[in-house]
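Structure, as structure tokens:
The values are calculated or read from the model by the stated rules, or taken from the named source; none is laboratory data. Being a predicted model, the structure only gives us computed values, none of them experimental. Cβ placement follows ideal geometry from the backbone for every residue including glycine, while neighbour counts extend to all protein chains displayed.
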Ligand SMILES: Nc1ccccc1-c1cnco1
């Protein structure tokens, strides 16, 4: 299965980075195909205008619905198709989680709509919901200038889960937030040299005693989770 990823943005250059490293490899071996589009290509005025003042007043500018609608028509089509998943990264979205990434990794087509300014005219999202499967997703409670960086983060989380993408799928199973992992943060990791700038690798990890090592790692995960993410221990 090849996943098609489309990105709609006034800064399509953000997505050139997808040609690099693992994601680039996924493109080379046909696991994903990536298409970035400039929203301004669907404007018709000399200034290629994509925004206007908010109805009802307020600060900043809002992205006009017209270019989005015409871009949707050109990129996705005018017939409803619930198999197309349209993602609007937004601070007012539902929290993006590993389980959402897991679900999206089985989808054949994802379209990212990257808003700028104060946001996109809400009718764009309402229209998209009549046509496709829409996800309004937040990465966390902080402010970005637009959806592009969020779209890249969501892309990486999703594409790495596509079967055949990661050389060693077993490594996925042990990660934090992987299904089956009770919600614990990953224990501290070490590699050679055993002694570095006066700091030594914990002895237990050099003992070769797998039972004790597993016990040490679990204890470290529990301590870390209790300290940093008490919300995960509920
Ligand atoms: N702040 C933003 C501005 C524009 C598009 C997404 C976001 C976002 C997504 N997750 C957190 O913030």
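You will find that of 96, 72, the residue that is within 27 Å of residue 175 (Cβ to Cβ) and either surrounded by 17 or more Cβ atoms within 10 Å (Cβ to Cβ) or in contact (Cβ under 8 Å) with a residue 40 or more places away in the chain (or both) is 96 and no other.
Among the conditions (1) surrounded by fewer than 20 Cβ atoms within 10 Å (Cβ to Cβ); (2) closer than 21 Å to residue 40 by Cβ; (3) within 19 Å of the chain's Cα centre (by Cα), the only one that residue 88 does not satisfy is (1). Is at least one residue of segment 161-171 in contact with a helix residue (DSSP H, G or I) (Cβ under 6 Å, 6 or more places away or on another chain) and loosely packed, with under 15 Cβ neighbours inside 10 Å? No - not one qualifying residue is present in segment 161-171.
In segment 195-234, the residue that is nearest to the chain's Cα centre (by Cα) out of those that are surrounded by 12 or more Cβ atoms within 10 Å (Cβ to Cβ) and assigned to a loop (DSSP other than H, G, I, E, B) is 229.
Would you confirm whether any residue within segment 36-53 is within 22 Å of residue 107 (Cα to Cα) and at pLDDT 95 or above? Yes, segment 36-53 contains a residue that is within 22 Å of residue 107 (Cα to Cα) and at pLDDT 95 or above.
Of the residues contained in segment 84-101, one or more are found to be in a loop (DSSP other than H, G, I, E, B), near the ligand (Cβ under 9 Å from one of its atoms), modelled with pLDDT of 95 or more and within 13 Å of residue 157 (Cβ to Cβ).
Consider residue 49 carefully, then state whether it is without any contact (Cβ under 8 Å) to a residue 24 or more places away in the chain, in contact with a helix residue (DSSP H, G or I) (Cβ under 9 Å, 6 or more places away or on another chain) and surrounded by fewer than 16 Cβ atoms within 10 Å (Cβ to Cβ). Yes. In segment 103-143, which residue that is in contact with a helix residue (DSSP H, G or I) (Cβ under 6 Å, 6 or more places away or on another chain) and within 9 Å of the ligand (Cβ to nearest atom) is farthest from residue 165 (Cα to Cα)? If we take residues in segment 103-143 being in contact with a helix residue (DSSP H, G or I) (Cβ under 6 Å, 6 or more places away or on another chain) and within 9 Å of the ligand (Cβ to nearest atom), then 114 is farthest from residue 165 (Cα to Cα). Being in contact with a strand residue (DSSP E or B) (Cβ under 9 Å, 6 or more places away or on another chain) and either in the same structural domain as residue 150 (by the TED database) or at pLDDT below 95 (or both) is true of residue 19.
Count of segment 134-152 residues, restricted to those that are assigned to a helix (DSSP H, G or I) and surrounded by 15 or more Cβ atoms within 10 Å (Cβ to Cβ), is 4.
Among the conditions (1) more than 16 Å from the ligand (Cβ to nearest atom); (2) touching a residue at least 40 places away in the same chain (Cβ under 8 Å), the only one that residue 204 does not satisfy is (2). What are the pairs with Cβ atoms under 6 angstrom where one residue, in segment 125-141, is closer than 18 Å to residue 81 by Cα and modelled with pLDDT of 95 or more and the other, located anywhere, is within 7 Å of the ligand (Cβ to nearest atom) and in a strand (DSSP E or B)? Sequence gap at least six, or different chains. Sorted first by the residue in segment 125-141, then by its partner, the pairs are 136/90; 136/93.
Surrounded by 13 or more Cβ atoms within 10 Å (Cβ to Cβ) and out of contact with any helix residue (DSSP H, G or I) (no Cβ under 8 Å at 6 or more places or on another chain): does that describe residue 4?
On the way: surrounded by 13 or more Cβ atoms within 10 Å (Cβ to Cβ): yes; out of contact with any helix residue (DSSP H, G or I) (no Cβ under 8 Å at 6 or more places or on another chain): yes.
Yes: the conditions hold for residue 4.
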